[in-house]
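The values are calculated or read from the model by the stated rules, or taken from the named source; none is laboratory data. Since this is a predicted model, take the numbers as computed values, not measurements. Here Cβ is always computed from backbone atoms with ideal geometry, including for glycine, and neighbour counts include all displayed protein chains. Heads up: the accessible areas ignore ligands, DNA and RNA and are worked out on the full protein's heavy atoms, side chains in. Shrake-Rupley method; radii C 1.70, N 1.55, O 1.52, S 1.80 Å.
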Amino acid sequence: ILVIKVGQAGDVLRTTPLLRMLKRQDPHCHISWLVATEARAVLENNPLVDHIYEQQLASFAELQVRSFDMVINLDVSAESGAWAVLVKAQDKRGFELREGGDLFGFTPEAERWLLTSFRDDLKKANRATYPEIIAKIVGVSYQKDPMVFQLTSEDLAFGRSFSKRQGITRRDTVIGLNTGAGKRWPGNWAAATGYFL
């Protein structure tokens with residue numbers, strides 16, 4: 001399976017529940033992921049990702065000669081839609097770029113979400129979380145799976161050192177807030193993450 005979710009690190013991270021959904025459907029599946037170089041770190045050391053392709057010319061060349069059982073493109077962008085069309089696969093899900101330069105869904109579920117992403121009235125009426133939406137697009141069973149992120153030993157050492165410097169103990173409740181966002185969704189955490197309360 002090749003997953004195409006290139007985007008920003010947060011977009012990639014919020015898509016990782018799909019990995020558990022795919023593994024539940026086929027525990028032995030091999031999952032590759034095409035990602036932007038800047039977001040690669042989110043997938044490194046992930047036990048459910050077997051291979052990472054960076055969005056660059058070398059990957060494009062290799063992917064032109066490989067074939068997959070399934071390609072899943074969850075990016076609503078012309079470039080990712082083109083990748084999804086060009087990579088050989090028996091089964092394609094998500095979004096594709098067609099000859100006229102327009103994006104379409106490979107399946108009716110993808111078409112429905114594509115329409116929602118361009119219409120504010122449908123966006124406002126949506127109450128499904130992003131993981132629920134991608135499960136429908138891909139056609140896998142949804143469960144409330146957590147995001148999958150594997151910290152390195154260096155990351156853990158940094159966290160312990162930071163906690164010690166700040167006087168934070170294991171008994172303390174710590175809440176982290178990211179007050180920034182990308183230019184696409186400034187100040188809108190719910191829209192940026194796809195989680196609605």
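Could you please let me know if ILE72 is among the β-branched types (Val, Ile, Thr), open to solvent by less than 50 Å² (accessible area, probe 1.4 Å) and out of contact with any Leu (no Cβ under 6 Å at 6 or more places or on another chain)? Please lay out each step first, then the result.
Details: among the β-branched types (Val, Ile, Thr): yes; open to solvent by less than 50 Å² (accessible area, probe 1.4 Å): yes; out of contact with any Leu (no Cβ under 6 Å at 6 or more places or on another chain): yes.
For ILE72, the condition - among the β-branched types (Val, Ile, Thr), open to solvent by less than 50 Å² (accessible area, probe 1.4 Å) and out of contact with any Leu (no Cβ under 6 Å at 6 or more places or on another chain) - is met.
In summary, strands (runs of 3 or more DSSP E) completely within region 50-118 and bearing 1 or more residues that are touching a Lys or Arg at 6+ places or on another chain (Cβ under 7 Å) and under 24 Å from ILE133 (Cα atoms) occur at 51-54, 67-73, 103-105.
Count of region 48-90 residues, restricted to those that are touching a Gly at 6+ places or on another chain (Cβ under 7 Å) and modelled with pLDDT of 95 or more, is 4.
Anything in region 1-44 that is more than 23 Å from PHE60 (Cα to Cα) and either assigned to a loop (DSSP other than H, G, I, E, B) or open to solvent by less than 10 Å² (accessible area, probe 1.4 Å) (or both)? List them, or say none.
Our first condition is that a residue be more than 23 Å from PHE60 (Cα to Cα); within region 1-44, this holds for 10, 14, 17-18, 20-28.
Across region 1-44, the qualifying residues are PRO17, LEU18, MET21, LEU22, ASP26, PRO27, HIS28.
Can you work out which of the residues in region 125-152 that are assigned to a helix (DSSP H, G or I), modelled with pLDDT of 90 or more and of a type outside the set (Asp, Glu) is most open to solvent (accessible area, probe 1.4 Å)? The selected residue is LYS136. Screening ARG93 against (1) among the basic types (Lys, Arg); (2) at pLDDT below 95; (3) surrounded by 15 or more Cβ atoms within 10 Å (Cβ to Cβ) leaves a single unmet condition, (2).
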